[in-house]
Amino acid sequence: MVYLKLSIACTILIILFSCSKKEPEVKNINKISQELEMTIAYNEGYEKLKINDTYNAAQKFLEAELLFPQSSWAPKSALMAAYSYYLQNYYSEALSNLNRYLKTYPKDRDISYAHYLIGICYYEMIEDEKRDIEPLLKAKEKFVIVVNDYPNTDFALDAKFKLDLIEDVLASKEMYLGRHYQKKNKWIAAINRYKNVVENYDQTIFVEEALHRLVEINYQIGLVEESKKYASLLGYNYQSSKWYKKSYKIFNKDYKEIIPNKKDKKGVIDKFKKLFD
């Protein structure tokens with residue numbers, strides 16, 4: 001009986017030892033199999049992307065990510081899926097995958113591109129100054145991150161260019177609202193919109209008109225001195241502008257054009273602040 005127990009014990013030990021040797025081999029085989037499947041799925045996604053089958057390309061890239069999430073190809077697959085969605089104007093799906101990518105792979109080397117592509121998705125959703133302002137602000141937020149945090153990337157220059165365009169759209173929205181309030185004789189609301197353009201969007205093409213509208217409204221409500229100050233600022237910075245000529249015509253013949261001393265010229269916003277100290 002003792003001999004039988006020892007025999008059984010030895011047999012079990014031999015089996016366990018054999019299993020312990022085979023387990024790493026099985027794991028390695030599974031790993032190789034997963035990696036191969038992931039590579040096949042990724043390449044299929046890439047081929048579909050080349051023939052403009054963007055929806056199925058996205059599905060294949062997501063499949064590749066799921067097959068081997070520990071691989072360095074997983075974050076790349078996630079980005080490619082988001083890019084595929086972006087190409088077919090599925091911005092919600094693209095944004096969902098990009099935000100997931102940022103949470104899942106916060107240290108990935110291509111994270112700057114994710115921020116940039118999020119900005120682009122929101123940028124593509126911008127319609128005009130009459131519509132929702134939220135995509136504008138979200139696009140601006142992401143492009144600022146790219147410019148400030150990743151200034152040496154390929155995307156920083158384009159992000160800076162997009163920021164300039166966004167500033168123009170934001171300024172145009174303020175001007176649209178300002179004109180609307182002005183037509184309704186809501187002077188304070190109109191003045192606040194035009195002031196916002198002068199103070200925060202002084203590098204856009206709308207600052208000249210905003211200054212003229214401030215001349216116009218202040219003169220109309222009897223604040224002639226305020227009106228002259230804005231005319232002075234407009235003349236100082238944009239004397240050849242059609243808006244300055246219109247502002248000049250507002251005053252009577254006795255009004256003399258106010259042109260400040262141009263010594264130590266500064267930006268328009270600095271002049272604006274000094275006028276009201």
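All of the numbers you see were taken from the coordinates with simple rules; none came from a lab. Given the structure is predicted, the values throughout are model-derived calculations rather than measurements. Positions of Cβ are backbone-derived with ideal geometry, glycine not excepted, and every protein chain shown enters the neighbour counts.
Summary of values
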| read-out | value |
| --- | --- |
| The stretch 51-187: radius of gyration and largest Cα-Cα distance (Dmax), Å | 17.9, 64 |
| Ranked by how many other beta carbons lie within 10 Å on average, peptides 106-118, 44-56 from highest | 106-118, 44-56 |
| Dipole magnitude of the stretch 47-164 about its Cα centre (Cβ charges: Lys, Arg +1; Asp, Glu -1), debye to nearest 20 | 300 |
| Sequence-distant residues sharing a close amide H with residue 221 (under 5 Å, placed H) | none |
| Under Karplus coefficients 6.51, -1.76 and 1.60, residue-wise ³J(HN,Hα) of the stretch 41-48 in Hz, glycine/proline x | 5, 4, 5, 5, x, 5, 5, 5 |
| Karplus 3J(HN,Hα) series, Hz, for the stretch 149-155 with 6.51 cos²θ - 1.76 cosθ + 1.60 (x for Gly, Pro) | 8, 9, x, 9, 8, 5, 8 |
| Orientation-averaged projected area, Cα convex hull of the stretch 140-257 (nm²) | 8.3 |
| Mean Cβ count within 10 Å, highest first, over the residues of peptides 182-189, 144-151 | 144-151, 182-189 |
| Extension gain, residue 245 back to residue 157 (0.36 nm per residue minus Cα-Cα distance, nm) | 28.0 nm |
| Point-to-point label distance, residue 134-residue 176, nm (Cα→Cβ direction, 7 Å offset) | 1.7 |
| Loop sites in the stretch 170-246: GluC sites (Glu not before Pro), DSSP, at most 14 other Cβ within 10 Å | none |
